[in-house]
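To start, the structure under review is shown below, and the notes come after it.
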Amino acid sequence: MIRLINNFSKQIKNTTNKKYLLIPLIAYSFVKSQPKQIQLYTQPNQQQFSSSPMQKQEFPFKVNKEELKKRLTPIQYKVTQEADTERPYTGQYDKHFEQGEYLCIVCSEKLFNSDSKFNSGCGWPAFSSSEQGKIQENVDQSHGMVRTEVVCKNCGAHLGHVFNDGPKPTHLRYCINSASINFKKAN
Ligand SMILES: [Zn+2]
């Protein structure tokens, strides 16, 4: 009987070594890696949005990450694929007011027109409206805030956020990273 117990405890030692310890460890690090979320206010029509930024979702335009890494600059990749934000006043389109269109840097879909661009003074390109049906809105609860993330509806590229403090008549301010868009001059 003692020998049996000894064998059994040996077995436990052998099997518990890594495999079973890894599972709670992974679970713990996953929980630890989640940002602390503070609900500042509730979006009245949250259900119309997707639930989180950069979530796994199928988009019509399939992104080839390896190709993108070669084609885009590091900041363009980090913004569009990892929802990063360029530093304010550093983007090439912040103070850019030529006539033309702004296309998605990843899939070239037309997203904004220069007619709706305005100088918000916030350090990023700002638009009071987007091209119809080209933008998807997601609830973004990162950094202890509740914001509305905007992504390209065609490829899922992160663009920036939209706020309700823009000029009339839309009262919208699309706060967009220069790194996520490409300007095409009007003919
Ligand atoms: Zn796109």
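Only the coordinates and a few stated rules stand behind these numbers; no lab work does. Since the model is a prediction, treat every value here as computed from it, not as a measurement. Here Cβ is always computed from backbone atoms with ideal geometry, including for glycine, and neighbour counts include all displayed protein chains.
Filter region 78-107 down to the residues that are loosely packed, with under 14 Cβ neighbours inside 10 Å and among the polar types (S, T, N, Q), then identify the one that is nearest to G156 (Cα to Cα).
Q92
R147 versus (1) surrounded by 19 or more Cβ atoms within 10 Å (Cβ to Cβ); (2) more than 15 Å from R173 (Cβ to Cβ): which is the lone unmet condition?
(2)
Quick one: in region 150-181, which of the residues that are within 12 Å of the chain's Cα centre (by Cα) and part of a strand (DSSP E or B) is farthest from K69 (Cα to Cα)?
Among residues in region 150-181 that are within 12 Å of the chain's Cα centre (by Cα) and part of a strand (DSSP E or B), the one farthest from K69 (Cα to Cα) is H161.
Looking at region 143-155 only, could you name the residues that are away from the ligand (no atom under 16 Å from the Cβ) and within 21 Å of N113 (Cβ to Cβ)?
Hit for region 143-155 is T148, nothing else.
Taking region 86-108 as the search range and keeping residues that are in a loop (DSSP other than H, G, I, E, B) and among the hydrophobic types (A, V, I, L, M, F, W, C), which one is farthest from the ligand (Cβ to nearest atom)?
Filtering first and then ranking leaves F97.
Restricting to region 109-142, and then to whatever is farther than 12 Å from G166 by Cβ and among the charged types (D, E, K, R), can you tell me which residue is farthest from the ligand (Cβ to nearest atom)?
D115
Looking at N182, N138, N119 in this structure, which one is touching a residue at least 12 places away in the same chain (Cβ under 8 Å), over 17 Å from D84 (Cβ atoms) and surrounded by 14 or more Cβ atoms within 10 Å (Cβ to Cβ)?
After ruling out the rest, the residue left standing is N182.
Which pairs do you get when a residue that is farther than 14 Å from F127 by Cβ and within 16 Å of the ligand (Cβ to nearest atom), found in region 156-173, comes within reach of a residue that is part of a loop (DSSP other than H, G, I, E, B) and polar (S, T, N, Q), reach meaning Cβ atoms under 7 angstrom, with the pair 6+ apart or on two chains?
G156/Q57
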